[in-house]
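Asks: Once you've had a glance at the structure underneath, I'll fire off some questions.
The values are calculated or read from the model by the stated rules, or taken from the named source; none is laboratory data. The structure displayed is predicted, hence computed values, not measured ones. We place every Cβ from the backbone using ideal geometry, glycine too, and count neighbours over all the protein chains shown.
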Amino acid sequence: MTTIFVTAPRLAAAGVDLLAQAGARVFYLSRSDDAREVERIMASESIDAVISRTVPLSARAIASCPALKVISKHGVGVGNIDVDAATRRGIPVYITPGANAQSVAELTLGLMFAAARRIGWMDAELHAGRWSRAQDGVQLCGKTLGLVGFGQIGQRVATVCLALGMRVVAFDPAFKDGPGPVDGVALLPTLAELLPLADVLSLHVPLNQHTCKLLGAAEFGRMPRGAILVNTARGEVVDEPALLAALQSGQLYAAALDTMAVEPLPADSPLTKIPNLVLTPHVGGSTPAALATVASAAARNVLGWLQGRPVERSACVNPQVLS
């Protein structure tokens with residue numbers, strides 16, 4: 001019997017149904033953040049495949065499970081998976097690109113509006129019984145949106161922002177040698193050229209050695225004074241102390257983060273003390289619709305590999321093991 005390990009307490013029904021139809025035996029974590037339980041289950045059970053959520057899937061866990069044949073991330077960010085360890089074992093690691101793109105794009109837009117118009121602050125004021133009519137928000141029409149990363153999420157955000165009357169520019173090395181996929185979006189060859197134009201900067205990149213702390217004091221200093229940052233990518237892409245300094249100095253008017261370098265966010269984090277910073281708890285792709293799509297995509301990834309059916313090569317982050 002095929003055995004699948006989901007490194008979370010649950011999986012959306014769409015994914016569960018696919019695994020059940022395949023006759024798979026499924027293990028779940030009792031707690032979503034228990035890396036030790038992941039290692040214990042991997043070492044004690046004959047696991048054929050892992051559907052990985054956010055808890056670390058370490059080299060030790062991978063090495064302890066000789067039966068392991070395939071891993072699929074529930075999403076696209078593989079920073080919690082030791083991909084090198086999987087590659088050494090010849091184990092493919094798949095992702096689910098685009099499966100939650102619509103929900104992440106919609107939250108990006110919501111965060112952009114909230115930061116520009118101070119929606120969270122005014123909501124808190126009214127709930128506290130104060131009629132505080134902030135009249136210093138940023139009208140987005142006529143402003144320039146800079147997108148760092150221009151995949152499916154960025155393209156959706158661009159389409160809406162063009163309709164709002166914003167100018168949109170993007171930087172993505174994947175498109176540097178050809179036309180862009182969205183009419184009306186100017187593609188720029190470097191991040192350095194994009195930053196001075198970006199009244200609003202929105203991040204849509206994976207976390208890797210090239211993007212870790214991609215934005216720091218120098219980059220914020222190159223942006224127009226009073227700009228807005230939105231990050232629905234990965235928290236580690238931003239140097240958070242530099243971000244706080246830019247918000248406090250007025251170099252940035254506001255920022256909105258769905259992802260932070262440390263998650264869950266500690267209650268005493270300096271990020272919680274900044275009034276012009278909007279925070280959400282890494283929920284960009286967590287609508288029921290998105291979770292169902294991602295769960296079914298992850299299930300198809302692992303079942304396809306185990307059953308010898310083709311799995312999209314572009315969804316594999318270590319395609320060298322497929323040769």
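Asks: Do you know which residues across region 185-203 are out of contact with any helix residue (DSSP H, G or I) (no Cβ under 7 Å at 6 or more places or on another chain) and either more than 18 Å from A174 (Cα to Cα) or of a type outside the set (A, V, I, L, M, F, W, C) (or both)?
Replies: Scanning region 185-203 gives P189, T190, E193, L197, A198, D199, L201.
Asks: Filter region 194-223 down to residues that are in contact with an Asp or Glu (Cβ under 7 Å, 6 or more places away or on another chain) and buried (at least 18 other Cβ atoms within 10 Å of the Cβ), then give me how many there are.
Replies: 3
Asks: Follow-up. Taking region 181-225, which residues are of a type in the set (G, A, S), within 22 Å of the chain's Cα centre (by Cα) and under 24 Å from Q102 (Cβ atoms)? Reasoning before the result, please.
Replies: Taking region 181-225 and keeping what is of a type in the set (G, A, S), we get 184, 186, 192, 198, 202, 216-218, 221.
The next check asks that each one be within 22 Å of the chain's Cα centre (by Cα); those that pass are 198, 202, 216.
Those that are of a type in the set (G, A, S), within 22 Å of the chain's Cα centre (by Cα) and under 24 Å from Q102 (Cβ atoms): A198, S202.
Asks: Within region 87-104, how many residues turn out to be surrounded by fewer than 24 Cβ atoms within 10 Å (Cβ to Cβ) and assigned to a helix (DSSP H, G or I)?
Replies: Qualifying residue count for the region: 5.
Asks: Looking at R234, R222, can you tell me which residue is assigned by TED's automatic domain parsing to the domain that holds F171 and touching a Pro at 6+ places or on another chain (Cβ under 6 Å)? I'd like the intermediate steps shown before the answer.
Replies: Values: R234 fails: touching a Pro at 6+ places or on another chain (Cβ under 6 Å).
Exactly one residue qualifies, and that residue is R222.
Asks: Of everything in region 57-76, what is at pLDDT below 95 and over 20 Å from L306 (Cα atoms)? Give them in sequence order. Working first, answer last.
Replies: The first filter runs over region 57-76 and keeps only residues at pLDDT below 95, leaving 75-76.
Once the filter is applied, which keeps residues that are at pLDDT below 95 and over 20 Å from L306 (Cα atoms), region 57-76 yields only V76.
Asks: State whether the residues of region 252-266 include one that is surrounded by 19 or more Cβ atoms within 10 Å (Cβ to Cβ), more than 19 Å from the chain's Cα centre (by Cα), assigned to a strand (DSSP E or B) and hydrophobic (A, V, I, L, M, F, W, C).
Replies: Yes, region 252-266 has at least one match.
Asks: Against the definition (in contact with a helix residue (DSSP H, G or I) (Cβ under 7 Å, 6 or more places away or on another chain) and either farther than 20 Å from G304 by Cβ or crowded, with 17+ Cβ neighbours inside 10 Å (or both)), how does I51 come out, yes or no?
Replies: On the way: in contact with a helix residue (DSSP H, G or I) (Cβ under 7 Å, 6 or more places away or on another chain): yes; either farther than 20 Å from G304 by Cβ or crowded, with 17+ Cβ neighbours inside 10 Å (or both): yes.
Here the answer is yes, as I51 does meet what is asked.
Asks: Also, quick follow-up: Got a sec? Which of V278, V294 is at pLDDT 95 or above, more than 20 Å from A115 (Cα to Cα), not in a loop (DSSP other than H, G, I, E, B) and not acidic (D, E)? Steps first, answer last, please.
Replies: Numbers: V278 fails: more than 20 Å from A115 (Cα to Cα).
That would be V294, the only listed residue that is at pLDDT 95 or above, more than 20 Å from A115 (Cα to Cα), not in a loop (DSSP other than H, G, I, E, B) and not acidic (D, E).
Asks: I've got another one for you. Could you tell me which numbered condition A49 fails, if it satisfies all but one of (1) aliphatic (A, V, I, L, M); (2) over 30 Å from R167 (Cα atoms); (3) under 15 Å from the mean Cα position of the chain (by Cα)?
Replies: (3)
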